[in-house]
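The values are calculated or read from the model by the stated rules, or taken from the named source; none is laboratory data. Note that the structure is a prediction, hence the values are computed from the model and not measured. When we count neighbours, we look across all protein chains shown, and the Cβ atoms used for this are built from the backbone with ideal geometry, even at glycine.
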Amino acid sequence: MIGLMLQLGDNAVIDYLLIALMILFVFIFTFTSRSQKSKRMMVKKPIIKTELICIECGFKEIRDFKEGDYIARETEETCKRCGGKMKINLIYALEEKKEKKRIL
């Protein structure tokens, strides 16, 4: 009878250890998959540029986008070449280059 109780007791300890290990595994798996998913879901703010063109000589200049910029708007900026008025010619976003991972 005592031998039977020891066997049940040993199995119960092993069962509890296995259950604890499974819970730990599930917790680690859930935590790591969420952190990887959140990294994939992050949206990076694009870099927006504005191209200015001189009305008089055609000189082109690129600068960062400013709030209120729109195409064909005459700006208060002057041409660095001739001093003429600048007009917004293009507004565009730069694409981020994704580096390819190489396996050596």
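Listed values, structure above:
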read-out: Region 60-81, residues that are part of a loop (DSSP other than H, G, I, E, B) and either over 28 Å from the mean Cα position of the chain (by Cα) or β-branched (Val, Ile, Thr) (or both); value: ILE71, ALA72, ARG73, CYS79, LYS80, ARG81
read-out: Near pairs, Cβ below 7 angstrom, 6+ apart or cross-chain, from region 83-104 (closer than 25 Å to ILE55 by Cα and part of a loop (DSSP other than H, G, I, E, B)) to any residue that is modelled with pLDDT of 90 or more and of a type in the set (Val, Ile, Thr); value: GLY84/ILE55; GLY84/THR78
